[in-house]
Structure formats: C-alpha cells, structure tokens
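Novice: I have a structure I would like to understand better, so I am pasting it below and will then ask my questions one at a time.
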Amino acid sequence: MDVAHLLAAKGHDVTTVSAERPVRDAVELLRERGIGALVVVDGRGPLAGILSERDVVRALARSGTDALEERVRDLMTADVVTCEPGTTIPALMTTMTERRIRHVPVLDDGRLVGLVSIGDVVKARVDDLERERRELLDYVSGR
Ligand code: AMP
C-alpha cells in the first residue's frame with residue numbers, strides 16, 4: 001500500500017489558507033471542515049507552509065486571543081515535510097513518528113495533490129491488516 005492508493009480512496013481535496021489571512025480565519029476553516037491542519041499558500045510554489053491546531057494552541061497560550069489577529073504566516077511551519085504518491089505507508093508512519101507530525105502534504109512533480117493525516121494512515125493500516133486476516137482465514141479453511 002502506498003500514498004497513491006490511500007488518496008484514491010480518500011480523495012485529493014486539500015484545504016488551503018492564504019499566508020496573509022488572520023489566524024481567526026484559519027481557526028474558522030479548521031472548525032468548519034472538522035480538520036486539524038491547513039496547507040498555507042502564498043502564490044509562490046505549491047505551498048508556503050503548514051498550520052496545525054497545535055500552532056494555534058501554542059499561540060493562544062503565549063498571547064491569549066490577540067493571537068487570532070496575527071497572520072497565518074507568523075504561526076505556520078515554513079519548512080514542510082512532504083511525501084510523494086509512491087511513498088509507502090510504513091515509510092510515512094516512520095516519518096510521522098520520528099518528526100512528531102500528524103499531517104503530510106503530497107507532492108507529485110512539484111504539484112500539491114493531497115494531504116495525508118495520521119488518521120488516514122492508521123485507517124489504511126487497519127484495512128490492510130483486516131484484508132490479510134481474511135485472506136489467511138480463507139487459506140486455512142480452504143475457501
Ligand atoms: P501536527 O502534529 O501535524 O498537528 O503538527 C505539529 C507541529 O508540526 C506543528 O507545529 C505543525 O506546524 C508542524 N507540522 C505539521 N505537519 C508538518 C509537516 N508536514 N512538515 C513540517 N511541519 C509540520
């Protein structure tokens with residue numbers, strides 16, 4: 001199983017936010033879509049950064065609700081870890097664990113084609129294990 005398979009099942013939608021928007025707008029997008037991170041864009045290249053709910057929580061702890069008036073660019077992580085459609089799910093799990101990140105944008109030839117969350121990765125792994133279990137059961141019972 002690789003990222004391309006995962007995206008074929010999950011879809012290629014990526015919710016983005018402009019780097020110059022206030023954090024308040026990003027928080028509203030996170031709430032509205034029920035997601036944990038946004039890819040940040042600024043018109044230069046496929047992405048300018050990533051903003052996760054953790055960045056917002058940190059800023060709230062530091063500055064209180066004044067943080068909501070800051071720009072997305074001020075809170076985002078600019079050095080983004082990405083993967084490719086051919087990246088395997090076990091390799092992605094290792095990256096997420098080692099880098100302590102729960103979201104990885106997918107680039108294909110430098111184009112943004114999806115975003116994989118740790119929830120997607122866990123689901124893909126559980127589906128894989130369930131398929132293997134059924135195949136083994138069929139094998140031992142001669143079906
Ligand atoms: P997360 O665990 O994904 O909610 O994010 C935890 C921290 O890592 C936040 O500061 C994010 O901005 C940052 N982060 C999340 N995803 C990535 C990524 N793919 N590359 C670099 N940093 C990230």
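Novice: From the list Val113, Val72, Val80, pick out the single residue that is touching a residue at least 24 places away in the same chain (Cβ under 8 Å), hydrophobic (A, V, I, L, M, F, W, C), within 14 Å of Ala26 (Cβ to Cβ) and surrounded by 14 or more Cβ atoms within 10 Å (Cβ to Cβ).
Specialist: Sole residue among the options that is touching a residue at least 24 places away in the same chain (Cβ under 8 Å), hydrophobic (A, V, I, L, M, F, W, C), within 14 Å of Ala26 (Cβ to Cβ) and surrounded by 14 or more Cβ atoms within 10 Å (Cβ to Cβ): Val72.
Novice: How many residues does the stretch 36-47 contain that are within 12 Å of the ligand (Cβ to nearest atom) and surrounded by 18 or more Cβ atoms within 10 Å (Cβ to Cβ)? Full working, then the answer.
Specialist: Here is the first cut: in the stretch 36-47, the residues within 12 Å of the ligand (Cβ to nearest atom) are 36-40, 47.
Still in the list and also surrounded by 18 or more Cβ atoms within 10 Å (Cβ to Cβ): 37-40, 47.
Residues in the stretch 36-47 being within 12 Å of the ligand (Cβ to nearest atom) and surrounded by 18 or more Cβ atoms within 10 Å (Cβ to Cβ): 5 in total.
Novice: Further, regarding this structure: Only residues that are away from the ligand (no atom under 12 Å from the Cβ) and either closer than 17 Å to Ala37 by Cα or touching a Gly at 6+ places or on another chain (Cβ under 9 Å) (or both): list them for the stretch 88-105, please.
Specialist: Listed by number, the list is empty, since nothing qualifies.
Rule-based calculations on the coordinates, nothing more; no lab input. Treat the numbers as computed from the prediction; the structure is a model and nothing was measured. Neighbour counts are summed over all protein chains in view; Cβ atoms, including those assigned to glycine, are modelled from backbone coordinates with ideal geometry.
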